[in-house]
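Visitor: Before anything else, here's the structure in question.
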Amino acid sequence: MKHNPKIVAIGGGTGLSILLRGLKQFTPNITAIVTVADDGGGSGILREDLGMLPPGDIRACLLALANTEPTMEKVLQYRFKEGQLKGQSFGNLFIAAMNEIYGSFEEAIKETSNVLSITGKVYPMTLEDVRLHAELENGKIIHGESKIPCEAKNEGCRIKRVFMYPKISYPMTEAVEAINEADLIVLGPGSLYTSIVPNLLVNDMVSSIYNAKAPKVYICNVMTQPGETDNLGVIEHVQGILNHSREDFIDYVIVNTEEIPEETLRKYITDGSRPVILTLDDEKKLKEKNIKLITEKLIDIKKNYIRHDNIKLSKMLIKIANNEYC
């Protein structure tokens, strides 16, 4: 049994940062590979104004792994409420300042990691200025990560595939080394097409992950995301990953089986979100694909937000890394 297994977690957004907060309780050997395809919100403004990569998802992951005073975290999480900075996160501005001081996004992240004394490493999926696009099943092309869910919802049409420009973009050498040395590689949880899949579109990323000795685990979302995964079940989420990688890419899928309280669910249903419920057909198709299914009650509700229980989830991942699941 490995006391501190090496875990690589790939994704972005809230899902990945929540997982990282749990994982750091069990191993210091964590590498987060984070999407930099987002172009909306405060990150998008900094991207356009300063010509830098979007810092939002990176910031969230750095803070999740930080070992610093609570006040420091509050400051870096703070969003301005008035004036020209309204909606902007101080943490994003901090990374932007580091980017200017050190002259590169790569060095900015390394120095911010040092300032926050983080557990593990955080790397952007690429240092290229990539833009995400989507093709819907009706043939329409949507340009820009932030527009994808909204326009897909307006079209009432599912996403067929996502792709990036420029087509040539490469992962950081350190990220590939971490993948090669990993005891476990984790995809998700997080937005399927705008947080997880973009990482797989970077040149050589799929082959690097596939050829690594570590088992590959996909953590299926608890809820669907309006405009992005409307009415998709477990097998459709999995297929979304496989369509952008290869058919034998995933070894394990973790799926929540806990029912969500009605009063909490009501708010999500109003917004167009639904629970991702495992069916017998899902189980059959996963078995046909030789993907091992792991189920557990994994719901954690805080302030009426539905999240994965990151401690339970982390314990499960440590067991997989240690070959304790059949």
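Visitor: In the range 45-58, how many residues are touching a residue at least 40 places away in the same chain (Cβ under 8 Å) and under 20 Å from Leu192 (Cα atoms)?
Guide: Adding up the residues that qualify gives 3.
Visitor: Listed residues Val222, Val202, Val234; which is touching a Ser or Thr at 6+ places or on another chain (Cβ under 6 Å), of a type in the set (A, V, I, L, M, F, W, C) and in the same structural domain as Lys287 (by TED's automatic domain parsing)? Walk me through how you get there before you give the answer.
Guide: Working: Val222 fails: touching a Ser or Thr at 6+ places or on another chain (Cβ under 6 Å); Val234 fails: touching a Ser or Thr at 6+ places or on another chain (Cβ under 6 Å).
Of Val222, Val202, Val234, the one residue that is touching a Ser or Thr at 6+ places or on another chain (Cβ under 6 Å), of a type in the set (A, V, I, L, M, F, W, C) and in the same structural domain as Lys287 (by TED's automatic domain parsing) is Val202.
Visitor: Still on this structure, I have one more. Find the residue count for the range 279-293, including only residues that are in contact (Cβ under 8 Å) with a residue 40 or more places away in the chain, surrounded by fewer than 18 Cβ atoms within 10 Å (Cβ to Cβ) and not in a loop (DSSP other than H, G, I, E, B).
Guide: Here is the first cut: in the range 279-293, the residues in contact (Cβ under 8 Å) with a residue 40 or more places away in the chain are 279, 281-282, 285-286, 289-293.
Filter again for surrounded by fewer than 18 Cβ atoms within 10 Å (Cβ to Cβ), leaving 279, 281, 285, 289-290, 292-293.
So of that shortlist, the ones also not in a loop (DSSP other than H, G, I, E, B) come out as 281, 285, 292-293.
Residues flagged as in contact (Cβ under 8 Å) with a residue 40 or more places away in the chain, surrounded by fewer than 18 Cβ atoms within 10 Å (Cβ to Cβ) and not in a loop (DSSP other than H, G, I, E, B) within the range 279-293 amount to 4.
Visitor: Return the total of residues in the range 294-310 being loosely packed, with under 14 Cβ neighbours inside 10 Å and assigned to a helix (DSSP H, G or I).
Guide: Result for the range 294-310: 0.
Visitor: Further question: When only residues in the range 69-89 that are of a type outside the set (Gly, Ala, Ser) and under 13 Å from Ile58 (Cα atoms) count, which is surrounded by the fewest Cβ atoms within 10 Å (Cβ to Cβ)? Working first, answer last.
Guide: Keep residues of the range 69-89 that are of a type outside the set (Gly, Ala, Ser), which gives 69-82, 84-86, 88.
Applying the additional criterion that residues be under 13 Å from Ile58 (Cα atoms) yields 76-77.
On the way: Leu76: 23, Gln77: 13.
Going through the qualifying residues, I end up with Gln77.
Visitor: A follow-up question, please. Can you tell me which residue within the range 155-194, out of those that are in a helix (DSSP H, G or I) and in contact with a Ser or Thr (Cβ under 6 Å, 6 or more places away or on another chain), is nearest to Thr126 (Cα to Cα)? If you could, list the steps in order and put the result at the bottom.
Guide: In the first step, residues of the range 155-194 are kept if they are in a helix (DSSP H, G or I); the result is 155, 173-181, 192-194.
Okay, now just the ones that are also in contact with a Ser or Thr (Cβ under 6 Å, 6 or more places away or on another chain), so 176, 178-179, 192.
Working: Val176: 11, Ala178: 14, Ile179: 14, Leu192: 18 Å.
Applying the filter and picking the extreme gives Val176.
Visitor: Now for a separate question. Suppose we filter Glu69, Glu73, Glu145 for residues that are within 18 Å of Thr14 (Cβ to Cβ) and at pLDDT below 95; which single one remains?
Guide: Details: Glu69 fails: within 18 Å of Thr14 (Cβ to Cβ); Glu145 fails: at pLDDT below 95.
Among Glu69, Glu73, Glu145, only Glu73 is within 18 Å of Thr14 (Cβ to Cβ) and at pLDDT below 95.
Visitor: While we're looking at this one, here's another question. State which residue is nearest to Met205 (Cα to Cα) when the search covers only the range 114-140 and only residues that are surrounded by fewer than 20 Cβ atoms within 10 Å (Cβ to Cβ) and of a type in the set (Ser, Thr, Tyr).
Guide: Across the range 114-140, the extreme among qualifying residues is Thr119.
Visitor: List every residue pair whose Cβ atoms sit under 6 Å apart, with the two residues 6 or more apart in sequence or on different chains, where the first one lies in the range 106-117 and is among the aliphatic types (A, V, I, L, M) and the second, anywhere, is surrounded by fewer than 17 Cβ atoms within 10 Å (Cβ to Cβ).
Guide: Sorted first by the residue in the range 106-117, then by its partner, the pairs are Ala108/Tyr102; Leu116/Thr68.
Visitor: For the range 232-259, which positions are assigned to a loop (DSSP other than H, G, I, E, B), among the aliphatic types (A, V, I, L, M) and closer than 15 Å to Ile185 by Cβ? Give the steps one after another, and end with the answer.
Guide: So in the range 232-259, the residues assigned to a loop (DSSP other than H, G, I, E, B) come out as 232-233, 244-251, 257-259.
Pick out the ones that are also among the aliphatic types (A, V, I, L, M) and you get 232, 250.
Within the range 232-259, Ile250 is the sole residue that qualifies.
Visitor: Within the range 260-275, which residues are in a loop (DSSP other than H, G, I, E, B) and not aliphatic (A, V, I, L, M)?
Guide: Of the range 260-275, the ones in a loop (DSSP other than H, G, I, E, B) are 260-261, 271-274.
Scanning the range 260-275 gives Pro261, Asp271, Gly272, Ser273, Arg274.
Visitor: Does Val217 meet the test of being among the β-branched types (Val, Ile, Thr) and assigned to a loop (DSSP other than H, G, I, E, B)? Reasoning before the result, please.
Guide: Values: among the β-branched types (Val, Ile, Thr): yes; assigned to a loop (DSSP other than H, G, I, E, B): no.
Considered against the rule, which asks whether it is among the β-branched types (Val, Ile, Thr) and assigned to a loop (DSSP other than H, G, I, E, B), Val217 comes out as no.
Visitor: List the number of the failed condition for Ala37; all other conditions in (1) within 25 Å of Ser146 (Cβ to Cβ); (2) part of a helix (DSSP H, G or I) hold.
Guide: It fails just one condition, (2).
The values are calculated or read from the model by the stated rules, or taken from the named source; none is laboratory data. Being a predicted model, the structure only gives us computed values, none of them experimental. Using ideal geometry, Cβ is built from the backbone for each residue, glycine included, and neighbour counts are taken over all protein chains shown.
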